[in-house]
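This report concerns only the one structure given below.
What follows draws every value from the coordinates through simple rules; no lab data is involved. A quick note: this is a predicted structure, and the numbers were derived from the prediction, not measured. In this analysis, Cβ positions are derived from the backbone assuming ideal geometry, glycine residues included, and neighbour counts consider all displayed protein chains.
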Amino acid sequence: MSAQNLDDMQVGEDLGSVEYEITDQEVARFFGGVGDYTFKGEAAKGNRCLPPIMIGNDYLKLYKKKYTTVGALHAKLQMEALGCLRSNEKVTTSGKVLDKFNKRGKTSVIILTSTTDSDGKPIVNFTIKLTYIF
């Protein structure tokens, strides 16, 4: 599939899915990035639920598989936590385009991502609004 431009994006479009493992390195990078060095040890052992916001940017993995347009402002994020995200667990994130509109000369899109664990149980849904500024 060739890369497409934002103009090609359609409301209702399936953005596909990505499957990957929540690695200890990702956990350490996240907690180091937010300055919390006390939580990561237990989380890395899989003993505690990880904050779902840690995978809040998964929409980029889906978007970049198909589209080339850059220059978006992450204008809004809504999170619905449904289950437990754990280290060393495989997850699958899928997405679709909920809306696309122009306001004040800027194109905005709303994307829904849903993440499930390896058993197909829901972990988290994110609704993301992106406004393209270029």
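Between 0 and 90 degrees, the angle of helix 24-33 with respect to the longest Cα principal axis of the chain falls at about 70 degrees. Amide H contacts under 5 Å for residue 107: 132, restricted to partners 5 or more places along the chain or on a different chain, H placed in the peptide plane at 1.01 Å from N.
Applying a threshold of 22 Å to the alpha-carbon distances of 66/96; 61/90; 103/129; 64/121; 65/103; 65/90 flags 64/121; 65/103 as lying beyond it.
The ranking of 29, 48 from fewest to most other beta carbons within 10 Å of each one's beta carbon is 29, 48. Computed from label points 7 Å out along Cα-Cβ, the spacing between residue 77 and residue 119 is 2.7 nm.
What translational diffusion coefficient, to the nearest whole µm²/s, does region 46-90 have by Stokes-Einstein, given a Kirkwood radius computed over alpha-carbon pairs, a temperature of 4 °C and 1.567 mPa s viscosity? Show your work: numbers first, answer last.
On the way: Rh = 12.8 Å.
Rounded, D is 102 µm²/s.
Charge tally for residue 106 (other residues, Cβ to Cβ under 15 Å; Lys, Arg +1; Asp, Glu -1): +3. All other residues whose Cβ lies under 15 angstrom from that of residue 82 are scored, Lys and Arg at +1 and Asp and Glu at -1, for a net of -3.
Round to the nearest 0.05 the FRET efficiency obtained for residue 98 and residue 34 when R0 = 25 Å and r is the Cβ-Cβ distance. Write down the numbers at each step before the final one.
Working: r = 28 Å, r/R0 = 1.13.
Plugging the Cβ-Cβ distance into 1/(1 + (r/R0)^6) gives 0.30.
In the neighborhood of residue 120, defined by Cβ-to-Cβ distances under 14 Å, what is the net charge if each Lys or Arg adds +1 and each Asp or Glu adds -1? Working shown, then result.
Values: positive: 90, 121; negative: 19, 89, 117, 119.
It works out to a net charge of -2.
A simple charge model with +1 on the Cβ of Lys and Arg, -1 on the Cβ of Asp and Glu and nothing else charged puts the dipole of the chain at about 460 debye relative to its Cα centre. For the chain, dividing the convex hull volume of the Cα atoms by the residue count gives 114 Å³ per residue. The value obtained for region 67-134, namely the Cα convex hull volume divided by the number of residues, is 104 Å³ per residue. Here the simple spin-label model places points 7 Å from the Cα toward Cβ, and for residue 25 and residue 7 these points are separated by 4.0 nm. Mean residue ellipticity at 222 nm, helices only, the chain: -4000 deg cm²/dmol; runs of at least 4 DSSP H residues each add -39,500 (n - 2.57), and the sum is divided by the number of residues.
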